[in-house]
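The values are calculated or read from the model by the stated rules, or taken from the named source; none is laboratory data. Since the structure is predicted, the reported quantities are computational estimates derived from the model, not experimental observations. Virtual Cβ from ideal backbone geometry, glycine too; neighbours counted across all protein chains shown.
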Amino acid sequence: MGCNAMNKILIKNAHLISMDDNIGDLLDTDILINDGVIERVEPSISTEAEIIDAKNYLICPGFINGHIHTWQTGLRGIATDWTLSDYLASIHAGLASFYEPDDMYIGNYIGALYQINTGSTTIVDWCHNNPTPDHTDAAINGLIDSKVRGIFLHGSPKHKPKEGMPHYSEIPHPQDEIIRLKKGYFSDEDMLTLGMAVLGPQQSTLEVCKSDFTLARDLNLIISMHVGGNFLTPHGFSVLKEENLLNNNTNIVHANNIPNEMLDLLVDSSCTFSITPEEELQMGFGNPLTKRLIERGGTFNFGSDIESAMAADMQNVIRFALQAVRHEFTLENYERNHSPPSSMSVTTRQAFEWLTIGAAKSFGIDDKVGSITPGKKADLIMFKKNKINFVPMHDPISSIVFHSNSNDVDTVIINGVILKRDGQLITKDLDAKLETLAVSGHRIMHQYREMQAMEKKEG
């Protein structure tokens, strides 16, 4: 029953974690979903609808993955021992160049299904392997067919420039392509929202920065960029601020080691931040920004980043993020007081907010998702309370954050459509699609290794 014959779903007797301060956490409550929207949240609703008995279930908003390169799903596990230098050299200058549009489609389709399977109902897809419009269209269609809710950030590849061609740092984001997408796939942004994944001051000239940011402002798009290491344009953010091009649509990814002055400028400009703690610690980015942003009142979210290195389920990500920032606060307390802290610096509920309503606010979609609130989209997930890892349940949020894994996500509803039920995705021909992904990934790896062997022979 993936596509419900009835427009109404009535969830009965739920243990609700709403993430809405006005509703709170409720026992034995009902949730009425009508035409993809949460219509009522109250006890004892009676109406004609498809009934889901949730007596032994926890229900909460779907998770939000704030940064993922979904197209890399076919490269799972290849980067687990890579440094950042290994990653940049192998992915962008190598593996990415062998992707055909069909590879983009199947990577995004299966990658998005995996997100749904693990409880993420919204993903921010940072898609930066779009050498042709066909690649872009295929990636978008993969998301559409998966039925995930998403923010699609259109990026550009970083292949080695051919002789006589300008370096990618000198090429503005393709305005015509962005306008094509906005008028086409994104003319109705009910399920997918368009944004731009750009090079930013770290990886592009000032002229390119100004061009890209102006385009994003004129079209009211989120503009996102990776930040870390040496800057090609060190004063870029200062110039962009002077020209009023930094705002809450500006999304900064990583930025672990930027100086305090730059961080203050970005926070004061209402920029948002996406943190990917597992990948950042593996590849030597330094401590995640979490603690510094908490201290400044910054707006941030978390993402899984690259499945080429690690699993993309958000339970792992948020647990890792929480313990990492607690560790930082603990070390600071030892330095100041020579003792462990007397109270916990960040609570488990705060971490759960990062997964849900906090992430929604970060991307300006909290009017749609992030909490189970009447009027918002019906994006929610369900956990069985009587599973062996949940009993006894003293605190439901603690049970989810610290005692659950992706296999515990029993039911997923996005936009009022049941996409997972009784622990199983509701989709057609999954085995065949997985085989297609496997063939795609192995072919790309084979071509890349052949290129490496040829370069070694010639060198």
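Side notes on the structure shown:
- Condition check for Tyr109: touching a residue at least 12 places away in the same chain (Cβ under 8 Å), touching an Asp or Glu at 6+ places or on another chain (Cβ under 6 Å), of a type in the set (Ser, Thr, Tyr) and not in a strand (DSSP E or B): yes
- For region 75-96, the criterion of being part of a helix (DSSP H, G or I) and within 19 Å of the chain's Cα centre (by Cα) is satisfied by at least one residue.
- Considering Leu192, Leu215, the condition of being in contact with a Pro (Cβ under 9 Å, 6 or more places away or on another chain), within 29 Å of Lys368 (Cα to Cα) and of a type in the set (A, V, I, L, M) is satisfied by Leu215 alone.
- One residue stands out in region 378-414 among those that are aliphatic (A, V, I, L, M) and not in a strand (DSSP E or B): the one that is surrounded by the fewest Cβ atoms within 10 Å (Cβ to Cβ), namely Ile388.
- Search result, residues across region 216-241 that are assigned to a helix (DSSP H, G or I) and more than 23 Å from the chain's Cα centre (by Cα): Asp218, Gly236, Phe237, Ser238, Val239, Leu240, Lys241
- Unique match (being surrounded by 23 or more Cβ atoms within 10 Å (Cβ to Cβ) and in the same structural domain as Gln115 (by TED's automatic domain parsing)) among Phe186, Phe152: Phe152
- Unique match (being under 14 Å from Phe152 (Cα atoms), out of contact with any Asp or Glu (no Cβ under 9 Å at 6 or more places or on another chain), among the small types (Gly, Ala, Ser) and surrounded by 20 or more Cβ atoms within 10 Å (Cβ to Cβ)) among Gly236, Gly195: Gly195
- Restricting region 419-443 to residues that are among the β-branched types (Val, Ile, Thr) and out of contact with any strand residue (DSSP E or B) (no Cβ under 7 Å at 6 or more places or on another chain) leaves a set whose member that is modelled with the lowest pLDDT is Thr427.
- Subset of region 162-180 (residues that are surrounded by fewer than 20 Cβ atoms within 10 Å (Cβ to Cβ), of a type outside the set (Gly, Ala, Ser) and not in a helix (DSSP H, G or I)): Lys162, Glu163, Met165, Pro166, His167, Ile171, Pro172, Pro174
- His254 vs. criteria buried (at least 23 other Cβ atoms within 10 Å of the Cβ), of a type outside the set (A, V, I, L, M) and in contact (Cβ under 8 Å) with a residue 12 or more places away in the chain: yes
- Region 394-435, residues that are within 21 Å of Asp53 (Cβ to Cβ) and without any contact (Cβ under 8 Å) to a residue 60 or more places away in the chain: Asp408, Asp422, Gly423, Gln424
- Condition check for Val346: within 17 Å of Asn65 (Cα to Cα) and either surrounded by 14 or more Cβ atoms within 10 Å (Cβ to Cβ) or touching an Asp or Glu at 6+ places or on another chain (Cβ under 6 Å) (or both): no
- Considered as a group, the residues in region 353-377 that are of a type in the set (Ser, Thr, Tyr) and closer than 20 Å to Ser304 by Cβ include one that is surrounded by the fewest Cβ atoms within 10 Å (Cβ to Cβ), and that residue is Ser362.
- The residues of region 131-161 that are part of a loop (DSSP other than H, G, I, E, B) and either of a type outside the set (D, E, K, R) or under 24 Å from Gly94 (Cα atoms) (or both), listed by number, are Pro131, Thr132, Val148, Gly155, Ser156, Pro157, Lys158, His159, Lys160, Pro161.
- Residue in region 96-103 that is in contact with a helix residue (DSSP H, G or I) (Cβ under 6 Å, 6 or more places away or on another chain), buried (at least 21 other Cβ atoms within 10 Å of the Cβ) and either under 16 Å from Leu425 (Cα atoms) or without any contact (Cβ under 8 Å) to a residue 60 or more places away in the chain (or both) present: no
- Output for region 29-81, where each listed residue is free of Cβ contacts under 8 Å to residues at least 60 places away in the same chain and within 30 Å of Pro277 (Cα to Cα): Asp81
- Among (1) at pLDDT below 95; (2) of a type in the set (Gly, Ala, Ser); (3) within 15 Å of Gln202 (Cβ to Cβ) - the single one Gly284 does not satisfy: (3)
- Any hit, region 310-333, residues being polar (S, T, N, Q) and in contact with a Leu (Cβ under 8 Å, 6 or more places away or on another chain): no
- Test for Ser308: is it of a type in the set (Ser, Thr, Tyr) and crowded, with 16+ Cβ neighbours inside 10 Å: yes
- Residues of region 198-215 that turn out to be in a loop (DSSP other than H, G, I, E, B) and crowded, with 20+ Cβ neighbours inside 10 Å, as a count: 2
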